[in-house]
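Only one structure is covered here, and it is reproduced in the block below.
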Amino acid sequence: MPIHNATTNPPINAPIVRFAPSPNGLLHVGHARSAMLNWHFANAHDGTFLLRIEDIDTTRARPGLETAIFEDLAWLGIDWPKPVRRQSEHFAEYQAALTELRKLGLIYPAFLSRAETTARISEIDSTGQIWPRDPDGAPHYPGSDRELSTAERDERIAAGEPHAWRLDMQAVLDDLDTRLSWTEHGSGPSGETGEIIADPGAWGDVILARRDVPASYHLSVSVDDAIQNISDVIRGEDLFATTSVHSVLQHLLGLPAPRYHHHGLVRDQDGRKLSKSDGSTSIASLRQQGASPEDILTLAGTT
Ligand code: GLU
């Protein structure tokens with residue numbers, strides 16, 4: 001099978017990069033690392049650093065967090081063109097992408113609620129059957145809604161039944177006549193670099209629009225990177241495997257693929273990646289304790 005790299009790799013001069021936090025917690029030292037690596041890359045190549053606020057999850061939005069992000073980044077010495085792109089203001093664009101995929105017959109409404117999904121998985125697990133898990137450890141969708149007829153789907157939607165939209169991954173893979181890959185200038189968790197063959201099947205039928213939010217991370221990030229002409233995506237290696245999903249969406253939607261630079265994470269003393277829920281490593285609290293921007297950059301390993 002030929003290997004198709006969806007990339008027409010843009011030239012390295014004048015790159016456009018983005019730092020794309022979700023405002024659901026305070027930024028920590030790991031975010032400082034990502035933001036600074038993007039910032040240094042843009043400056044080193046006469047490029048542009050964009051800040052994008054990934055706030056599609058309006059159910060978790062907390063007032064003030066966006067301002068805190070702006071303050072922390074400015075304090076670190078970073079600036080960016082205004083206004084920033086806020087994903088919550090662009091649902092129509094994600095909807096348009098979803099409509100395109102729907103026309104291709106590659107998505108389906110998934111009616112199981114979170115609780116029903118969990119119950120179904122426990123049932124399967126209790127029989128000893130091995131059910132596939134995605135690279136983050138989450139079980140693949142256990143519903144069989146992809147087999148519903150168009151008439152049944154339409155009827156249930158018309159009756160107002162809550163539903164997400166999922167990619168029919170098997171149908172996508174069956175239709176693919178090339179193997180997808182991306183260009184990796186950083187490295188994955190096991191040191192993978194160079195041309196990486198995508199493995200979207202590992203993710204199962206990913207969600208493209210949630211029940212409560214008319215988009216998903218995978219869909220919005222793929223659409224936005226294209227709309228904002230991002231040439232280089234510089235982000236933590238915890239997102240390395242998800243690039244397979246972004247590659248498949250770029251391919252299906254005819255979007256240009258950026259180059260990727262996944263970087264190592266900042267870890268705590270126990271080797272765990274930092275989390276927004278543990279406030280102790282937040283930039284704001286370190287700052288309150290008297291840390292200077294230099295101190296943060298030292299902790300972030302980007303000086
Ligand atoms: N919004 C994502 C996060 O805060 C980052 C997405 C990305 O860089 O692709 O983890």
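The values are calculated or read from the model by the stated rules, or taken from the named source; none is laboratory data. The shown structure was predicted, so the numbers you read here are calculated from the model rather than taken from an experiment. FYI the Cβ positions are ideal-geometry reconstructions off the backbone, even for glycines, and counts take in every protein chain you see.
The set of residues in the stretch 252-263 being out of contact with any Ser or Thr (no Cβ under 8 Å at 6 or more places or on another chain) and away from the ligand (no atom under 13 Å from the Cβ) consists of LEU252, GLY254.
Got at least one residue in the stretch 276-296 being crowded, with 19+ Cβ neighbours inside 10 Å and over 21 Å from GLY64 (Cβ atoms)? No: the stretch 276-296 contains no residue that is crowded, with 19+ Cβ neighbours inside 10 Å and over 21 Å from GLY64 (Cβ atoms). Listed here are the helices (runs of 4 or more DSSP H) enclosed by the stretch 189-303 that have at least 3 residues being farther than 18 Å from GLY30 by Cβ and within 18 Å of the chain's Cα centre (by Cα): 217-227, 243-253. How many residues are near the ligand (Cβ under 9 Å from one of its atoms) and at pLDDT 95 or above when one looks only at the stretch 24-38? Here the count works out to 2.
Inspect all residues belonging to the stretch 232-245 and state whether any of them is modelled with pLDDT of 95 or more and more than 14 Å from the ligand (Cβ to nearest atom). The answer is no, given that none of the residues of the stretch 232-245 is modelled with pLDDT of 95 or more and more than 14 Å from the ligand (Cβ to nearest atom).
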